[in-house]
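Here the structure comes first, spelled out in structure tokens, and everything after it is commentary.
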Amino acid sequence: MCGIIGYTGNGNAEKIMLDALELLEYRGYDSAGIALLHQGRTQIIKRAGRVKDLRKLCETVKPVGCCGIGHTRWATHGGVCDENAHPHRFGPVTLIHNGIIENYRELMEKYHLEGRLASETDSEVAAAVVEHFYTGDPYSAIRRTVLKLKGTFAFAIMFDDQPDKIFAVRNVSPIVAALTQDGAILASDVAAVAPFTTDYFVLPEFHVVCLEKEKVSLFDLSGDHAQIDWLKVDWDVSRSGKCGYPFYMEKEIMEQPQVIRETIAPRIRDGRPDFSAEQIPDSLFTDCKRICVIACGTAMHAGLVGKSLIQAMIGIHVDVVMASEFMYNDPVVDKDTLVIAISQSGETIDTLEALKFARKCGSPSICVVNVMGASIARAGEYVIYTHAGPEIAVASTKAYTTQLAVLYLITARMAMARGLWSGEELSDFMAELERVPQVIRRVLDTKEEIHRLSGAVLNARDVFMIGRGLDYSILLEGSLKLKEVSYIHSEAYASGELKHGTIALITEDTPVIAVVTQEKLKSKELSNIREVQSRGARVLLLIKENETLDAGEQWSCVYRLPQMKDPFMVMPASVALQMIAYFVSLDKGLDVDKPRNLAKVVTVE
Ligand code: AGP
């Protein structure tokens, strides 16, 4: 939530920041602002709205300066308006913030701030506290402020009398920093740094970084120099634009064959799953008595598929827990529980906190993360990176299918380590996994057909999605996708559950999407479909290409999924559902990549 950028150097700071804010906008798009420090004077330009609106404003104001900070906001404290947009200024202090200051009311009282603030934000309170402690030594002011704060924060701060310098500090919320050819830069994530350099570092928590034109210096909170651990950007920057697609979501859907291949290929050796590069010992897979997956949203839906696979193929119990609920259900995890934390961003605070708790309880853990060096990757014991590359659209697509790919690999390695499968069974499974990219390509090639079929739900107010077992898990994700990008109310139901209440909502012409991909569930699923059809529902059916359907029945809308073995049907079916959601949003003329009220990275609880 919220994107942060800071730049000092000989380049065009205004342009660098506006371009970076566009790349970071997926983190929040309620308002945007920049501040430039020039000859002891700080100029702030900010407004509610998108970065493009800020850009227009800058064309009129023409700010000057080569040292600046910028922000794109997802509102938490205080509504969406110009005053609440960042940067915030208090005396000589100008500050941007990502996170939540939980004790901001106490701080307001303690430092007599009532009536002295221009906004309703917790962030401005932090700026005022920094100002309170500032007597010319930025480190001391920042250190003393940080010790007073409760909550999460990533701050970038400028002081009027500290020319060309930007200071930053964080707790939980991310900041990365780097040196560029002509300056130094910091940002909420690597996407904004990658156009300038491949070398960057993650600011450690409770450390202060100072950016100057030609150097970056890192200090711990006692003021001692700290060592910088440099990392390398692991994706191809030329792939980070829209590459001719109208929206990132379409581009990211289309990239799936390639990124799934890139995720699985390095982990297959001699036809077997292999995590030696990740240094994951087999004991992790053999010693656990149960598994607990923690994740949110789409990543949690990937976990549900993982649960079905592992329970069916390994025979051990798997819980999938919404990370946001984990702490409120008296979690029982111990040294016998293998915790798998799944997160595209690696920054989702609920997942991070749940993982930290599980580790304190002695649970071994694997994190499945897309962003290199992210907080969750660093908090876990082992990390398996999905190689999805930057996922910019708020709606997750390629991150989900690469997470699934990793879960197939984990299942296979676990079966192998436990000696559960014959050599032939293992090779069959791996061969099917390696076929996934080409099968998804076949779904993508039917783009026009899916676009046409998506018309079945385009004007709906409510859509129901029904299926059992793995099909139900597929639909939970399909339904989330449709909701978030099209604003159509949609619900996934385990179809056996319909008769226990929900079928009351099915009336003449209610659109229902049904997925039937599992042989053992087919006859029951088809019966459930007939039940809704006889109440007037219009059914769009997704079913395997070689299934025969009773000719006597009414199937106005059928999409034939390319054939895979049942456990793998999740892949083509999920991609088809992603495309339905995408085309509905596109045809409604919505901002597909930035749905209302959402942000890509959820760093507040
Ligand atoms: C799905 O399209 C959403 N963007 C959302 O549910 C997302 O998957 C969730 O917030 C978890 O994010 P993470 O994978 O970065 O932890």
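With Cα atoms defining each centre, the range 83-108 and the range 41-56 are spaced 17 Å apart in the structure.
With contacts taken as Cα pairs under 8 Å at a separation of at least 6 residues, the range 3-233 carries a relative contact order of 21 percent. Most simply put, the range 247-444 has about 10% antiparallel DSSP beta bridges, counting only bridges with both residues inside it.
Placing +1 on each Lys and Arg Cβ and -1 on each Asp and Glu Cβ, with no other charges, gives the chain a dipole about its Cα centre of roughly 380 debye. Charging the Cβ of each Asp and Glu at -1 and of each Lys and Arg at +1, and nothing else, the dipole of the range 247-444 about its Cα centre rounds to 120 debye. Taken about its Cα centre, the range 471-605 carries a charge dipole of roughly 100 debye when the Cβ of each Lys and Arg holds +1 and the Cβ of each Asp and Glu holds -1. Our analysis of the range 418-530 gives Rg over Rh at 1.05, with the two radii drawn from alpha carbon positions and Rh computed by the Kirkwood formula. A simple spin-label model places pseudo-atoms 7 Å from Cα toward Cβ; at Trp230 and Glu547 they are separated by 5.5 nm. Normalised by residue number, the volume inside the convex hull of the Cα atoms of the chain is 158 Å³ per residue. Between Tyr487 and Asp182, the modelled labels are 4.2 nm apart [label points 7 Å from Cα along Cα→Cβ].
Separation of the range 185-202 and the range 322-380 by C-alpha centroid, Å? One Cα centre to the other: 25 Å. Here the convex hull built on the C-alpha positions of the range 1-123 has a volume of 96 cubic angstrom per residue. The range 432-507 and the range 548-605 have their alpha-carbon centroids 5 Å apart.
Ligands, DNA and RNA left out, the 1.4 Å accessible surface of the chain is 49% carbon and sulfur atoms. With 10 Å bins beginning at zero, the pair-distance distribution over Cα atoms of the range 449-587 amounts to 13, 49, 35, 4 %. Estimated from the Cβ-Cβ distance and a Förster radius of 51 angstrom, the FRET efficiency linking Thr197 and Val332 is about 0.65. Of the peptides 171-178, 79-86, 489-496, 500-507, the ranking by mean beta-carbon count within 10 Å, highest at the top, reads 171-178, 489-496, 79-86, 500-507.
Averaged over its residues, the chain has an accessible area of 38 Å² per residue, based on protein heavy atoms and a 1.4 Å probe. Potential lengthening of the chain between Leu117 and Lys56 amounts to 19.3 nm, from the contour at 0.36 nm per residue minus the alpha-carbon distance.
The values are calculated or read from the model by the stated rules, or taken from the named source; none is laboratory data. Values in this document were obtained by computation on a predicted structure and should not be read as measured data. All Cβ positions, even for glycine, are placed from backbone atoms using ideal geometry, and neighbour counts span all protein chains on display. Heads up: the accessible areas ignore ligands, DNA and RNA and are worked out on the full protein's heavy atoms, side chains in. Shrake-Rupley method; radii C 1.70, N 1.55, O 1.52, S 1.80 Å.
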